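Worksheet: the structure to be examined is printed underneath.
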Amino acid sequence: MSLNLAEKQAVVAEVAKVAARAHSAIAAEYRGLSVTQITNLRVKARETGVYLRVVKNTLARRALQGTEFECLRASLVGPLILAFSQEDPGAAARLFKEFLKEKAHDKLIVKALAVGGQSFPASELDRLASLPTRNEAISLLMATLRAPLDKLAQTLNEIPGKLVRTLDAVRQQREEAA
């Protein structure tokens, strides 16, 4: 079923709006996947805050024009599904990585990914998937900020403890001498 001009413009506007807010994008070839497999992928995507869309390549090129994902234009060849991470940069990569773990889903081929206006080859999928989520990044930052304070508290707590141990050693020495 082909789209009329108004429907095509709506698709381009929708994808462009999502791309403008997204943190990262992945283009993957879905040739050979069943409808059930793609539906399962879409369900998992919704749960993880990833926008998935099968878009014709010409419409995708128009939608990505003027966004930081314009660098993907050269990779838009063949039947592709576009995934945009809306919550954190690694969400789409983690989604595809988990999906590819199952043997039946080996027909999904990641073509390219983009983060921060730069395009990366598909081999960087694991690296992007290993990025921390927002909550993990905040907890790492808080632990880093808290470490010097913990060390200071330990050091300040050690001074009276050392004084008590020294006084106890002097007391024991005097008791032995007497």
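The values are calculated or read from the model by the stated rules, or taken from the named source; none is laboratory data. Predicted model, so just to flag it, every value in this text is computed and none were measured. Every residue, glycine as well, gets a Cβ built from its backbone with ideal geometry; the counts of neighbours run over all protein chains shown.
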Would you say ILE138 is outside any helix (DSSP H, G or I) and either of a type in the set (A, V, I, L, M, F, W, C) or surrounded by 16 or more Cβ atoms within 10 Å (Cβ to Cβ) (or both)? no
Specify which of the listed residues (LEU152, LEU141, LEU125, LEU163) is closer than 30 Å to LEU76 by Cα and not polar (S, T, N, Q). LEU125
For segment 27-38, check the following and say yes or no: at least one residue is more than 26 Å from ASN135 (Cα to Cα) and among the acidic types (Asp, Glu). yes
Residues in segment 133-166 that are under 20 Å from the mean Cα position of the chain (by Cα) and among the aliphatic types (A, V, I, L, M) total 5
Report yes if some residue within segment 121-139 is over 30 Å from ARG42 (Cβ atoms), out of contact with any helix residue (DSSP H, G or I) (no Cβ under 9 Å at 6 or more places or on another chain), among the aliphatic types (A, V, I, L, M) and without any contact (Cβ under 8 Å) to a residue 24 or more places away in the chain; otherwise report no. no
Helices (runs of 4 or more DSSP H) lying entirely in segment 1-102 (those with 3 or more residues that are surrounded by fewer than 21 Cβ atoms within 10 Å (Cβ to Cβ), more than 19 Å from the chain's Cα centre (by Cα) and not acidic (Asp, Glu)): 5-21, 35-48, 57-64
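Conditions (1) of a type in the set (Val, Ile, Thr); (2) at pLDDT 85 or above, marked per residue:
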residue	(1), (2)
MET1	no, no
VAL11	yes, yes
GLU14	no, yes
ARG21	no, yes
ILE81	yes, yes
ALA92	no, yes
Of the candidates GLY66, GLY78, the one satisfying the condition of being touching a strand residue (DSSP E or B) at 6+ places or on another chain (Cβ under 6 Å) and over 20 Å from ARG134 (Cβ atoms) is GLY78
For PRO89, indicate whether it is out of contact with any Phe, Trp or Tyr (no Cβ under 6 Å at 6 or more places or on another chain), in contact (Cβ under 8 Å) with a residue 60 or more places away in the chain and over 30 Å from ASN4 (Cα atoms). yes
Segment 43-72 residues that are of a type in the set (S, T, N, Q), paired with ones that are part of a helix (DSSP H, G or I) and surrounded by fewer than 21 Cβ atoms within 10 Å (Cβ to Cβ) (beta carbon under 7 Å, 6 or more apart): THR67/ALA16; THR67/ALA20
